1. Hey, fewest Cβ within 10 Å first, where do PHE152, PHE40 land in order?
2. Add +1 for every Lys or Arg and -1 for every Asp or Glu among the other residues with Cβ under 12 Å from the Cβ of ARG272, and state the total.
3. Counting residues in the chain as N, plug N into 2.2 N^0.38 Å and put the Cα Rg over that result.
4. Per q in 0.14, 0.20, 0.21, 0.26 Å⁻¹, report the Debye log10 I(q)/I(0) for the range 205-247, using one uniform scatterer on each alpha carbon and no solvent.
5. Ranked highest first by the average count of other Cβ atoms within 10 Å around their residues, in what order do 235-242, 286-293, 13-20, 130-137 fall?
6. Of HIS265, HIS149, HIS189, how do they rank once you tally other Cβ atoms within 10 Å and put the fewest first?
7. If you average the sequence gap of Cα pairs under 8 Å that are 6 or more apart and divide by the length of the range 138-312, what percent do you get for the contact order?
8. Order 299-309, 103-113, 25-35, 271-281 from most to least packed using the mean count of other Cβ atoms within 10 Å.
Amino acid sequence: MAGDGPWLALDIGGTTLRAGAYDPLEGRLLAVERGPAPSFLTCPGLDQAGLRAELVAALVALAKHLGLAQPTVVSAGFPGPVDARGWVLRAPTLWGPGAEPDPFAARLQAAWPGARVLVANDLCAAGCCFLRDPGEDFCVVTVSSGIGHKLFLGGRPVVGAGGRGGEIGHWRVDFSDDAPHCDCGGQGHLGAVASGRATAWQAARLRARDPAAFAASALGHALAGDLGRLDNVALATAFTEGDPWAAALVGALAAPLGRALAAVHVLAGVERFVLMGGFAHALGSGYRALLAQAAAASTWDLGQDWTTMLQPGVLGDDAGVLGAGHLARGQLFGPQRPLPPASGVTP
């Protein structure tokens, strides 16, 4: 199988799809194609059947752009819990609330009938890029259109017998009556108050507390006082340029996640957290500092250094698609063919 050319590695996100031509012998990507993810937000006219069919069609199109119309291996990382059969149990960022479980591996098998198909949670795949040794304990966290995490113990992701573990974005942290609704249909979940999609809700709440502070801020001036024009690009720009109001907004977004990471640390004792995702990447080191402050304030002090425990995932957008390739390589080749040193390993 290794001699049949590149494998198709897929990273399915709530906003962006990535497809890579993966060299299984060298453990590297040869090329990557990207495209928008069809979702309940971007394709409101499609029903659930249409959304699922459109997703597979978009992946097939990306594969053809790579020259992989008939791959021998297809490995996909999916943004939601996946069971041992390759069924997706829920996909809030793509299919919204109330979506039924889906036999996604079978859909990919139908699209590429001659391929060996593997489907896993996207962070189970991405985490493979950040292992510094085969038996390491660490946690990978993504902050983008949603929030997810996977705890790796002994080098393996902990998801439980049903594949439901590692979904911290759906832990309820806000029990107030006006808590925001999550894409999954729940209310007050971590992803709804701390992800990139939570920016508008947190901004409106912060402005309501002190309208004058927003009006006087650099971000307020840039938006001409109109919060409806706020997007995460504008927020990241103002935050990295030192605007105090933008810093307060990012702090409000960071605090619930920092507390959640402290709980993971207390529960499992892991001392290395790798942060990835477009929102976390755009906000940079200042965001990690705010997460570290919130985490440190949420647990006792045993000498932990949260500023070094929280590390950036330096592969950026490629971590998920490269990880999908690595995951398939590990399953099909086994430990006798270890991965080369990965550029995604942080110090």
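Read-outs throughout are calculated quantities, based only on the coordinates presented, and are distinct from any laboratory measurement. Quantities reported herein were computed from a predicted structural model and do not represent experimental measurements. Note that each Cβ is placed from the backbone with ideal geometry, even for glycine, and that neighbours are counted across all protein chains shown.
1. Sorted ascending by nearby Cβ count, the order is PHE40, PHE152.
2. -4
3. 0.99
4. -0.25, -0.52, -0.58, -0.90
5. For the peptides 235-242, 286-293, 13-20, 130-137, the packing ranking is 13-20, 286-293, 235-242, 130-137.
6. Working: HIS265 21, HIS149 26, HIS189 29.
Exposure proxy ranking, most exposed first: HIS265, HIS149, HIS189.
7. Reported as a whole number, the value is 23 percent.
8. Details: 299-309: 12.5, 103-113: 17.2, 25-35: 15.3, 271-281: 22.5.
Highest to lowest by the protection proxy: 271-281, 103-113, 25-35, 299-309.
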